[in-house]
Each structure stands twice: as structure tokens, then as C-alpha cells.
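Each remark here refers to the structure printed beneath this line.
Values quoted throughout were computed directly from the atomic coordinates according to the rules given, and no laboratory measurement underlies them. This is a predicted model, so every value here is computed, not measured. As a convention, Cβ positions derive from the backbone with ideal geometry for all residues, glycine included, and neighbour counts pool all protein chains shown.
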Amino acid sequence: MFRILMIALVFSVLAVACASKQPQPVEEVEVDEVVVEEVVVEEPAPIAVVEPKPKRPAALPKTASQTPLLGLIGLAAVSGAAVLHMLRRRF
């Protein structure tokens, strides 16, 4: 019930804010003369870019471990237990 009241309050505030904005009058300005200039665009010469080849190490370091996998398995077990607990309370 509280959510419905909050949503109604937000929509009513937005409706009042949108309805209270009046369009601004536009002032007309007279222009004495129009100046037209030609713009010449010169294309720059293409630049040859040579990218150096990245140097790869002979072998990658062995920094990985099984700890994140064990953490994910634990998280899945706790999540499964929580789901079973909620299902058992409902049925």
C-alpha cells in the first residue's frame, strides 16, 4: 500500500511540475546584412603508422589457484540451502 502511495505522489509531483512550465516568448531580431565566407579545407597528407609487434614472454606465469572455484561452490551451496529453506517454509 505504501509503494502505491509513493508512486502516486511521485507522479502527481511530476504532473504539476510539467504543467506549470509555460513556453518562453520568442523575440524577433532583425538582421542588417548576411556575410558569407568561403572555407577552403585542405586534406592532410596520410601518415604511415607502423605499430611495433608486442613482445610475448616465453611462458605465462602460473598464478591461478583453485580458491575462486571453491568460493563459487560454497556460494552455490549456501544459495541452495536458502532456497530449500524458503520452499520448505512456504509449502
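Structure notes:
- Per-peptide average of other Cβ atoms within 10 Å, ordering 33-40, 84-91 highest first: 84-91, 33-40
- Available extension along the chain between residue 70 and residue 32 is 5.8 nm, counting 0.36 nm per residue and deducting the alpha carbon span.
- Alpha-carbon radius of gyration plus Dmax, which is the widest Cα pair, for the chain in Å: 34.1, 83
- Take each peptide in 41-54, 61-74, count the other Cβ atoms within 10 Å of every residue, and average; sorted highest first, the result is 61-74, 41-54.
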